[in-house]
Structures are given as C-alpha cells and as structure tokens.
Amino acid sequence: MAERVFGVGIVGSSQQFGVAVMRKSTAILSNLKSKLPLMGLGRWGNSAHFHTNTPTQFNRNRIPHLDHNHNQILTSSSFVARRFESNIAQDHLNSTCGSHENLNQALDFPGGTVMFTPELSFISDSPEERIPCYRVLDDNGQPISGNNFGQVNEEVALKIYQDMVTLQTMDTLFYEAQRQGRISFYATTIGEEAINIASAAALTLNDIVFPQYREPGVLLWRGFTLQEFANQCFSNKFDNGKGRQMPIHYGSNKHNYFTVASTVATQVSHAVGAAYSLKMDGKDACAVTYFGDGGSSEGDVHAALNFAAVLEAPVIFICRNNGWAISTPTSDQFRSDGVVVKGQAYGVRSIRVDGNDALAIYSAVCTARQMAVNEKRPILIEALTYRAGHHSTSDDSTKYRPATEIEWWRLARDPVARFRKWIESNCWWNDKADLELRSSIRLQLLHAIQVAEKVEKPPIADIFTDVYDTPPSNLREQEQWIKDSIKQHPGEYPPNFSV
C-alpha cells in the first residue's frame, strides 16, 4: 500500500523508498522533518530507492547529514529524485511548492494538478443533458442550416448512393437464398447502410479495417466483387477462407480488411495493436474498427480504449449503436449516456453522429481520420442508428420489439432514401437512373449466386492445412476417416464436394 505525506512518496515495501524535492516553504519543511524519524532517513540501505518509471540507484554521497536538531534546510540538491522526467515538470513542482497556500488549493499529482474543494460532492451518474448528435441532412434529405460538413463531389456522392443500393440488394437476395436453404446463414445491414458506405468513403485503402460482422459495405466500397461475396457465402473453392468460415465472415488481405470473427469485440483490441504498429513504422494510415452497442459491454472494448489512449495510437473506433444486441435493448446494456461518454472517461476524443445520415458519417470519419493520422491519437465515433432487420437468419426480432417500430424506422429513417433526396436536389440523380441501377445490380447478383452455387467446394484436405507444417498423425487419421465417410455415404454430402 503506497502512502503520500506532504510530497514525500513512501512505498510500503521494504524494497523501495523515496523523498521528493521540497523547497522554499519552511512550514512544509518543518512538517516534513517531523516525519523523517518515522521514515528511518538516518539508515540508508540497499533496500531503499525511488519507485519511478526509470529505475535509479541512490547516491549516498549526495544525501547530506541531518543533525539531531533538524535545523538544516533541505534544498533540491538534498535528494536524488526521478519523479519527473523533464525540467518543465520540475519547475512546475517548484512553483507549486512556493507557498503553503498553493498546496492547500491544489494537489500536484501524476497526470496533472488537481484542485481541492471543500464541498463533499459526487460526480453525477449521468449528465443533465445528453450529448448532442451531429447531423447534416434532415429526414427529408435537406441540409440543416448552419451545418458544417466535408464537401462531397458528384462522383463520390453517386458512388456512395450506388454502393448503398447494392448493399440493400445484396441483403435481399442473400437473405432469400438462405431462406431457400441454399446457404446456411446470413446477417443483413438493413438500416445501417450509411455507416458502412459513407465511413468507407472517408478512409483510404491503406487504412486497415477490423470489422465486426455488419460491415460488408466497407469491403464493397474497396472493390470486393459481387462474385467474391457470393463465393464466400456459398463456401466454394474460390472463397478466400477456403470454406472454413460461416457465410458473411468475409476477409481480404488485398483490401486491408481483416477476416470477420463471431467472437464479440475481439477485433477492437487487435485494431489498437495494428494502429500502434502503423505509428511506429511512420505510416500515413490508421486502423479502423467497428463494434456494436452490445460489444461495448465486453472488456475488450474498455481495454482497447485505454490502450489506445495511453499509447496515442492512430485508431478510429466506430460504434454502431443500433439499439439492440440481438434481443438485449440498450436500456439493459448500460446506464451511461450511450457509448460516446466512455471515450472521455478513457481520454479519447469522441463524437456522436446520426448514423442514418451519410453526409454526417462521411464528414465525421473524414475529420476523425485527419486527427488520428496527423495527431497520432485515437477517436471514438458513436453512430446512432437502428437495426431495421433481424439480427440474423437465426433471429425473429418481432418476438422482442414491435413490428410497427421496425417498419417505421425502415420507412421514415431509411438512410438510402434520405441520401437519394439530397443527390436529386443537386440534379445528380433521377428516377430513370435509379430504376436502371437497381435492375442491373439485381441481375448481376442473381448471376453471381448461380455461378457460386455451381462451383465445387474446397477440397477436404483444406480442412487440415495451414496450421501445421507437417500434420500430426491424429489429423491424418481424421482426414482419412472423413474421406472414407464421403465415399461410403455420398448422398449425405453436396454433389460438388471434392474429396
């Protein structure tokens, strides 16, 4: 147990002991000297040294003899101290210790000066007013007066819209394919298209993405083809994951997009490590990680925020607060004002954004990236949205929330429709172009699904590779057993299953 008495640091271990520099105030010195016998300053031994960031050894020759009357004035040369690493910090200590009155008003503590107060006052469990939400477009797709946002040119704006429409169409057709039994699983991004596409548009291809499982739009923006999406969902031999992952667990080294993992929030701390690596290598890039409101309850998120703040890692945390973690509402998830306030608690600059406003997301992520890369600091963005679809094909969300609520969000707060109104108001889009786009994407996706479905599955051997250089005997036995099983019971396996 460590104790601090008027600037003297005493480590409650027989191994460490220290005295900080005290100057100018005779009142403090008198109090200090009255404590010296309790600390055994007359008996300096090998077991005593300062507890500092940089281990040091006491130089006994620099410790003056203290007479029995304790009348000797202690100066900065009296003790060896390494509490502060710079002259600026030492000068600050000297000025703080300049008067007894100053010491009664503030505490010089690691991390900064803390003011004293005579009031017995606890910090409120929640602020009187909630953190405001940054928005650019109103529900009708019109810019709000007085807004400031990163300007988007016609080319970028049209690509944002086209990719959001593509994402919507993908969700519709792959969801139907799962319901038909053609793929085993699927999870949609309905209602969260703006977070996906607009955030991706604000990044560079050198930025490393650590997704959760509801960000395929980021990969779409980076050039992952519709055929590649289909290959992964159907787990054929062209799937980057060799058929080892569930559908929608995409990954692409080419596109700096780490493979999706079902384990909640584990990717968040990975992103911080990657960001710190980018910083050490002097790269003009950052790491970006996505997680949900449910993920914020995982210890990984809290460790990652603290890790990033302390190491000043260039990482952007994007929380998709969509109101529900499967069937758990945010009211059962936390009592704080959402997730944005957690950033300040860890020393991370934060902002709350309308997640259904593509322009707001684009502007916020653009600015966040500039700060992360140029200032080498982490940024937290909480995007308020709503999961307008089921959690996955294994879920029926009408069992825990009203169908009318889902429908209202799907129609009144649709981020794609809102953004379309804005590009139409700029004369960049019209009904004819929209009809042609949706028809074309649907045909491309149907073709991709048909092709992916006919491609043979990865060879059985791929189940046992990429872990050991030389597979152990038990894995070789298992491989032979499954091959024999397929030959004996071919009807139990897909016809395009390669032995």
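A few notes on this one:
- Label separation (Q142 vs F109): 5.1 nm, computed from points 7 Å beyond Cα along the C-beta direction.
- Computed E for S394/E128 - FRET, C-beta separation, R0 51 angstrom, nearest 0.05: 0.80
- Here the ratio of the Cα radius of gyration of segment 154-454 to 2.2 N^0.38 Å is 0.96.
- Computed label-point distance, nm, for sites V467 and V156 using a 7 Å Cα→Cβ extension: 4.5
- Between W481 and E407, the simple label model (points 7 Å from Cα in the Cβ direction) yields a spacing of 5.2 nm.
- For G343, net neighbour charge (Lys/Arg +1, Asp/Glu -1) across residues whose Cβ lies under 13 Å away: +2
- Net lengthening on full extension, N206/D434 (0.36 nm per residue, minus Cα-Cα): 78.9 nm
- Proxy reagent accessibility, fewest Cβ within 10 Å first, across T328, T289: T328, T289
- Plainly put, segment 439-492 has a radius of gyration that is 1.23 times its Kirkwood radius, both from alpha-carbon atoms, as the Rg/Rh ratio.
- Whole-percent P(r), segment 388-493, all Cα pairs, 10 Å bins from 0: 10, 18, 21, 20, 17, 12, 2.
Rule-based calculations on the coordinates, nothing more; no lab input. On a predicted model such as this, the values are computed, not experimentally measured, just so you know. Note: ideal-geometry Cβ built from the backbone for every residue, glycine included; neighbour counts use all protein chains shown.
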